[in-house]
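Reviewing the structure listed below.
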Amino acid sequence: MAIRRILTVDNAADLATLKKISTPVEAVTDELRALMDDMLETMYDAPGIGLAAVQIGEPIRVITMDLAREGEEPAPRYFVNPEILSSSEDTLGYEEGCLSVPEYFDEVERPSKVTIRYLNYQGETVVEEAEGLFAVCIQHEMDHLEGVLFIDHLSRLRRDRAITKVKKARRAA
Ligand code: NI
């Protein structure tokens with residue numbers, strides 16, 4: 001396993017990659033599992049609760065996630081070619097962040113419940129209902145597969161402010 005560099009919006013080349021639409025995966029192979037292992041390690045190291053492959057420069061439809069709280073056993077999850085089968089009418093506003101938009105958090109409104117279908121680490125098809133933080137996180141990560149960042153859901157003013165903040169934080173680092 002290896003920790004990979006996470007692309008961030010303050011870098012023009014990184015941003016161009018983050019805007020790419022990720023391509024579907026043909027099969028869950030050992031090579032893909034090796035990438036998912038790297039993604040998980042990178043995500044834990046950051047630390048973050050979700051990561052899309054495009055965030056490490058691989059625009060393919062793969063997501064890793066772990067929503068276990070501090071002190072709980074790690075609960076890694078892998079989503080290959082995820083699709084949303086249905087979304088609830090009611091929405092949930094949640095203060096989101098993103099490893100590609102470091103140090104910036106803002107509220108995004110999304111459907112509070114979604115039904116998803118994906119391939120897991122073993123390549124098996126899973127259909128599952130997500131709500132709460134899981135619903136927020138899977139929709140956030142699936143946006144990445146379409147080249148969409150959570151700040152793209154904000155007004156232009158707030159999005160510009162987010163990028164300015166990231167650039168400032170980066171310079172200070
Ligand atoms: Ni993100």
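Restricting Arg117, Arg110 to residues that are more than 15 Å from the chain's Cα centre (by Cα) and either in a strand (DSSP E or B) or over 30 Å from Arg170 (Cα atoms) (or both) narrows the list to Arg117. Selection over the stretch 38-55 of residues that are open to solvent by 40 Å² or more (accessible area, probe 1.4 Å), of a type outside the set (Ser, Thr, Tyr) and in a helix (DSSP H, G or I) gives a count of 2. Among the candidates Ile116, Ile84, Ile138, the residue that is at pLDDT 95 or above, open to solvent by less than 10 Å² (accessible area, probe 1.4 Å) and away from the ligand (no atom under 16 Å from the Cβ) is uniquely Ile116.
Okay, residues lined up against (1) within 16 Å of the ligand (Cβ to nearest atom); (2) open to solvent by 40 Å² or more (accessible area, probe 1.4 Å):
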position: Thr64; (1), (2): yes, no
position: Ala68; (1), (2): no, no
position: Asp90; (1), (2): no, yes
position: Pro102; (1), (2): yes, no
position: Val126; (1), (2): no, no
position: Glu131; (1), (2): no, yes
position: Met142; (1), (2): yes, no
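The set of residues in the stretch 56-71 being assigned to a strand (DSSP E or B) and free of Cβ contacts under 8 Å to residues at least 12 places away in the same chain is empty. Residue pairs whose Cβ atoms lie under 7 Å apart, separated by 6 or more positions or on different chains, with the first residue in the stretch 130-153 and more than 14 Å from Gly97 (Cβ to Cβ) and the second open to solvent by less than 10 Å² (accessible area, probe 1.4 Å) and among the polar types (S, T, N, Q), are Leu145/Ser22.
Selection of the stretch 147-158 for residues being within 12 Å of the ligand (Cβ to nearest atom) and either of a type in the set (D, E, K, R) or in a strand (DSSP E or B) (or both) yields only Asp152.
Within the stretch 1-34, the set of residues being open to solvent by less than 20 Å² (accessible area, probe 1.4 Å) and not in a loop (DSSP other than H, G, I, E, B) comprises Asp14, Leu18, Leu32.
The values are calculated or read from the model by the stated rules, or taken from the named source; none is laboratory data. Keep in mind that this is a model prediction, so the values were computed, not measured. Note that we place each Cβ from the backbone using ideal geometry, even for glycine, and neighbour counts take in every protein chain shown. The accessibility values were calculated without ligands, DNA or RNA, using every heavy atom of the protein model including side chains. Shrake-Rupley method; radii C 1.70, N 1.55, O 1.52, S 1.80 Å.
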